[in-house]
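Taking it in order: structure first as structure tokens, then the write-up.
Here, each number is a calculation from the coordinates, and none is a lab measurement. All values reported here derive from a predicted model rather than from experimental measurement. Ideal geometry is used to build each Cβ from the backbone, glycine not excepted, and the neighbour counts take in all protein chains shown.
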Amino acid sequence: MKILEILHERHNHGKKSIAVLVDPDKIEEPNRLNTLLRLASENCIDFFFVGGSLVTTPNLSEVISQIKENVSIPVVLFPGSSLQIDPSADAILFLSLISGRNPDLLIGQHVVAAPILKNNRLEVMPTGYLLINSGKTTSVAYISNTTPIPEDKYSLAACTALAGEMLGLKLIYLDAGSGAEREISPKMISAVRKSVNVPLIVGGGINTSQKAFAALQAGADLIVIGNALEKDPELLIEISDQVYDWNQSLEAKK
Ligand code: 1GP
């Protein structure tokens, strides 16, 4: 089954998912990734996202193969640019940065990437990517040269997501940016949730299980955790238990 189908099916049943974000630039020593891989194999982790706004180290393939050698969890590319395409992953978030007005990230990079993607086996997942302001300037806002949507402009975000859905995008990703000071508020998540029917990915600054739960409750289908695990990998246990409990409670209601 394709990952997009899995996400749509889970969304239809109210089931939640969790992805661990691995930024190849932040893997200074293989042991750090090994700890995450051990925790991922012992807990219910649905996906690995791999990528970053700016990858300066040539270890993308190595990181993917290290994941694949140790766990059977799908690897999804979360690319900062068309340079971050690696056919050894399972899928790619084909991101259009619809909260911004930078043509290169709305369609330019995609033109470069399309013929490459046509000739490999990566599942292409068309995704409307929305940056939401989170306090300080994040790497992704700086590198993308776009202005994030103000965090209290709920209808701006909701209409942007709706336009993305109408354009045929299959997922919406609300991102406060990696290591964001403030995570995306439940009010913002629920405003976007009400405006679209496609699965909603939420990430950026989720560094406690309370924040993760609030995002799920507000309507996130898939939460992405990266930065916080660099400081405290064990947090993964707490958050994945929450996702597991949420899904189990749905089973119990059947
Ligand atoms: C960033 O949404 C991801 O693009 C995850 O953010 O690293 O802050 O968890 P964190």
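Return the distance in nm (one decimal) between the two label points of a simple spin-label model at Met166 and Gln210, each offset 7 Å from Cα along Cα→Cβ.
It is 3.9 nm.
Using a Cα-Cα cut-off of under 23 Å, which lysines could be cross-linked to Lys2, ignoring same-chain neighbours fewer than 8 residues away?
In chain and number order, the partners are Lys15, Lys16, Lys68, Lys118, Lys170.
Using θ = phi - 60° and the Karplus form 6.51 cos²θ - 1.76 cosθ + 1.60, what ³J(HN,Hα) does each residue of region 114-130 get, whole Hz, x for Gly and Pro?
3, x, 5, 5, 4, 9, 10, 9, 5, 6, 8, 10, x, 10, x, 9, 10
So what are the three principal axis dimensions of the chain from its Cα atoms, in whole Å, longest to shortest?
If we take the Cα atoms of the chain, the spans are 45, 40, 37 Å.
Which FRET efficiency, nearest 0.05, do Ser65 and Leu106 yield, Cβ-Cβ r, R0 35 Å?
The value I calculate is 0.65.
For n ≥ 4 DSSP H runs only, could you compute -39500 (n - 2.57) per run for the chain, divide by its residues and tell me the 222 nm figure to the nearest 500?
-12500 deg cm²/dmol
Can you classify region 177-254 as rounded, prolate or oblate using the Cα gyration tensor, where a ≥ b ≥ c are the square roots of its eigenvalues, rounded means a/c under 1.5, and otherwise it's prolate if a/b beats b/c and oblate if not?
It is oblate, given that a/c is not under 1.5 and a/b is not larger than b/c.
Quick check: from the Cα gyration tensor, does region 1-107 come out rounded (a/c under 1.5), prolate or oblate?
Judged from the Cα gyration tensor, region 1-107 comes out oblate (a/c at least 1.5, b/c at or above a/b).
Which whole-Hz ³J(HN,Hα) couplings does region 75-80 yield from phi under the Karplus relation 6.51 cos²θ - 1.76 cosθ + 1.60, θ = phi - 60°, glycine and proline marked x?
Each residue of region 75-80 in turn: 9, 10, 6, 10, x, x Hz.
In sequence order, what are the phi-derived ³J(HN,Hα) couplings for region 171-182 according to the Karplus relation 6.51 cos²θ - 1.76 cosθ + 1.60 with θ = phi - 60°, rounded to whole Hz, with x for glycine and proline?
9, 10, 10, 9, 10, 8, x, 5, x, 4, 4, 10
How many nm separate the modelled label positions at Ser155 and Lys194, each set 7 Å beyond the Cα in the direction of the Cβ?
1.2
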